[in-house]
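Every read-out reported here was derived from the displayed coordinates using simple, explicitly stated rules and does not represent laboratory data. The model shown is predicted, which means the values in this text are computed figures rather than measured ones. Counting neighbours? That spans all protein chains shown, and the Cβs are built from the backbone with ideal geometry, glycine included.
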Amino acid sequence: MKSKSFFFLVLIVQMLTFIPTSEASFLRFWRGFPKGELSLQQFNSALNDIFLPATAALAKTTANLISYQPLLLPEYLLETEKLPVELALVEYASEAEYRSYRETEEGQAYSNLHWNYFEKSTSKSTVPTAFAGVLESEKAYLLGGNIHWTSGPTFFYLLPNNQTVLKEFASLSKAGFKGVVLVAPSYVLVYAKSFLSPTLARFLLWETTLRRGTTIGYGSGVQYPL
């Protein structure tokens, strides 16, 4: 009996050993500035008519896009601050699939499509990394581990970059806050599944809630269906 029990125990361990584990998804936090020759209206129309559908179509390619959340900041903020106009949290199934697709002719064509509408010298993507205790400028951080971005609404927050804000986000990382925080020299951008703490809410410059939709306007964003 002991030998049979030992055999089954070994078999179970082997089965568990070979259970495939899913690779963490690959996030890119995009900050886009429109080309100088485009008016805000022309830029908005081009995004809705061409660029957003082209990005969503990556879900049907080997890039394996699994979630896409673009938004436009409100116009009144753009008049006073040097803020990006369009933002997007873009999620692929894996970095390997994304990199491989970028090397294809189709992938290069999509990459070049950006520069029909965005200023190449200032627009860029930042890859969030796991938060390790310090929030540094021009970096993005994933707080709360892997997040199911397609489950329920997503909240977007714009805050100033100051020591109180940064320290509070560092504290929230230990309290279950789930989101991606991008730190720029003068502002902090946040896509989250959690509400802000009362301390952060005091500094809030603007917020919006993203739900399923296919059209964005100034001061709104969507969870683009794929």
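Quick one: Cα centre-to-centre distance for the stretch 144-188 and the stretch 98-142, in angstrom?
19
Quote to one decimal, in nm, the extra length available between Lys174 and Val134 on full extension: 0.36 nm per residue of separation minus the C-alpha distance between them.
In short, 13.1 nm is gained.
Quick one: of the DSSP bridges fully inside the chain, what percent are antiparallel, nearest 5?
Taking every DSSP beta bridge within the chain, about 90 percent pair in antiparallel fashion.
Which FRET efficiency value, to the nearest 0.05, do you get for Glu37 and Ser94 by plugging their Cβ-Cβ distance into 1/(1 + (r/R0)^6) with R0 = 45 Å?
0.75
In the structure displayed, which of Lys82/Lys124; Lys139/Lys167; Lys124/Lys167; Lys60/Lys193 lie more than 22 Å apart, Cα to Cα?
From Lys82/Lys124; Lys139/Lys167; Lys124/Lys167; Lys60/Lys193, over 22 Å: Lys124/Lys167; Lys60/Lys193.
As a footprinting exposure proxy, order His148, His114 by other Cβ within 10 Å, with the fewest listed first.
Least crowded to most crowded, the residues run His148, His114.
Using Cβ contacts closer than 10 Å as the measure, can you line up Thr209, Thr55 from fewest to most?
Ascending number of Cβ neighbours within 10 Å: Thr209, Thr55.
Label Asp49 and Leu77 with points 7 Å out from Cα along Cα→Cβ: what is the distance between them in nm?
Roughly 2.6 nm, to one decimal.
Taking the Cα centre of the stretch 22-223 as origin, work out the dipole magnitude from +1 charges on Lys and Arg Cβ and -1 charges on Asp and Glu Cβ, in debye rounded to 20.
For this selection, approximately 500 debye.
In terms of Cα to Cα distance under 18 Å, which aspartates and glutamates are near enough to Lys178, apart from those fewer than 8 places away along the same chain?
The qualifying aspartates and glutamates are Glu91, Glu168, Glu207.
With each label point set 7 Å from Cα along the Cα-Cβ vector, what nm distance links Trp115 and Thr209?
Going by the 7 Å Cα→Cβ label model, 4.1 nm.
Springs between alpha-carbon pairs under 10 angstrom, Gaussian network model over the chain: which of Gly32, Gly152, Gly144 fluctuates most?
Gly152
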